[in-house]
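J.: To start, I am sharing the structure in question, which I have written as structure tokens.
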Amino acid sequence: MDSIPDLTDQMWDALMQTTITGKEYLRKGQPDTGKWGEAKALRDRIKKPVPLKLSLSDSPTIIDKVVTTQTTVPVGGGGVVLPNPGSFYALKYSNDTWPVSEFVHYPKAVIDAATYPSLTTIRNANPNIKLYTYCQFMFCRNPQLAGVPAGIGNASFVTFDAALAHDNANPGDLWLIRDSAGNPKLRSTTGYLLNLASASLRTQAKTNLMAIINAYAVDGFFFDDVNGQISDLITLPPGYTNATWTDLMIDWMDDVQDFLRSQGVYCLMNAGMSANPNVPENPAGDSAYWPRVAPHADGIMVEYAYSIQGLPTPNPPNGEPGGIENPLMNVDPTAWTGHWDSWYKSVKLIQDLNLDVYTIIYGSQALVNGTVDYDNQKMLYGKASYLLIRNNINAGGFAFIQSPRGGANNASPFSPLWTTDIGVPEAPTLDPILSPNEGVGYKRYFTKGVVVVNPHKDTPQLFNLGAPYTSLYDSLPYSQITVAPRRARILTKP
């Protein structure tokens, strides 16, 4: 009889061979044919009892070194202390209107050019904060904010106007990729693809990026849209295939990102293989792409972790409240909302490459039913899921972002629900693709607390904690706690 790990490997292999498009993937009611049907059949077999008891010694390949050191970093003139400086971070762009005074709470943050005028204020209040500024990787656009070095956009290392002026003066050395009609190739409604093969563009990129570092004393960059392929979002430019595009991305990193890192500049990449924002992380594509990115990066970001992007649904998925956006995922690999473990596997892949791991989950302030409790649930679900897999929780972090962003409801996202220190892991983590470790749920102990996650689509789970712990959600003590489907709890030692 096949073991659970064997069946799970077969199921995962089947899932990784699915070839449906992003729109088909997101459509409800997939037909049970092809690799999806094979995966569902294997999932049904996994749910049946199999005489196997898995121990740590059975699976040495899934055990990572646990980092047991813990750093206390004082920040801020008011004596604010962040005992666990790597488990969370802030992300604030021009459309996030919460005040810069909130940066005092964070050990690190991703910002954009709109925050540059406030950098002195931020660093005076929090001198130890690490700041990584946003930069588009493969396309450029206008405008340029006041005070930003000439020719550099507020979201890219070169403005469209500067690139176009160069091309007009140097028609044999184009910085902008052209479409079949000879016009600059749109990557999005406002962004134009850059010719990453241009040696002069690479030189200019190094010059402009270091100008930002020198002008604002930021610690590094967050490079967005570092996609290994773009054919699932737009038509490939003339002369490119997916393979040659991927090779070009890596070649650029080998030149530009390696130069930056040689200068002590931190490089964080949002580097999913797919460019389609409606496709969850793809472990099959990412597992081939990320090892090529790893030598040129310090960290990789997993955006929309454990949730589905957008989808302000009139029909509630997974039993969630109606009318929400960014609903939470569960574990059901044959359903369009059931790929929580795909996100988990993505985090594991990055961790195994010895890179810092950054995850984001977006809120749902635009709830039709008017409640904000769903955001509290998302904070706990996202942070607890992050903590389940991470062994060195100081390398990277989790962030919660309000949605919609801006306006009167754009309060600070900071909350004890996802920033409270619970210490470091007491034991190495197991990959939950193998099996949950308590019923249908997952539990992990830390030196100052415990996290419990129930990603099942419809089954509650009772967790035995072994001792009283205090829940961050309701401040009540629990020795046993029942967690609803698609929910999590973080509890501290009394």
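J.: Set the Förster radius R0 to 22 Å, insert the Cβ-Cβ distance between Thr241 and Ser200 as r into 1/(1 + (r/R0)^6), and round the FRET efficiency to 0.05.
T.: Once rounded, the FRET efficiency stands at 0.35.
J.: Based on the Cβ-Cβ distance of Thr97 and Asn464, what FRET efficiency does E = 1/(1 + (r/R0)^6) give at R0 = 60 Å, to the nearest 0.05?
T.: Given R0 = 60 Å and the Cβ-Cβ separation, E is 0.85.
J.: Take each of the peptides 166-173, 459-466, 353-360, average the number of other beta-carbon atoms within 10 Å over its residues, and list them starting from the highest.
T.: Highest mean packing first, the order is 353-360, 459-466, 166-173.
J.: Could you give the spread of the C-alpha atoms of the range 413-494 along their three principal axes, from largest to smallest, in whole angstroms?
T.: That works out to 29, 29, 26 Å along the principal axes.
J.: Report the FRET efficiency, 1/(1 + (r/R0)^6), for Asn124 and Asp251, where r is their Cβ-Cβ distance and R0 is 30 Å, rounded to 0.05.
T.: 0.15
J.: How would you rank Lys108, Lys206, going from fewest to most other Cβ atoms within 10 Å of each one's own Cβ?
T.: Lys206, Lys108
J.: If you don't mind, there's one more thing I want to ask. Could you order the peptides 195-201, 378-384 from most to least packed, using the average number of other C-beta atoms within 10 Å per residue?
T.: Output ranking for 195-201, 378-384: 378-384, 195-201.
J.: Right, here's the next one. Asn168 to Asp258: extension gain in nm, 0.36 nm per residue of separation minus the Cα-Cα distance?
T.: Fully extending the segment from Asn168 to Asp258 adds 29.4 nm.
J.: Mind pulling up the Rg/Rh value for the range 120-272? Radius of gyration and Kirkwood radius, both on Cα.
T.: Taking Rh as the inverse mean 1/r over Cα pairs, Rg/Rh reads 0.98.
J.: Of the cross-linked pairs Lys345/Lys378; Lys108/Lys206; Lys345/Lys443; Lys383/Lys457; Lys108/Lys383, which ones have a Cα-Cα span greater than 22 Å in the structure shown?
T.: Table pairs above 22 Å Cα-Cα are Lys108/Lys206.
Bear in mind that the values in this text are calculations on the coordinates, not laboratory data. Remember, predicted model here, so these are calculated numbers, not experimental data. FYI the Cβ positions are ideal-geometry reconstructions off the backbone, even for glycines, and counts take in every protein chain you see.
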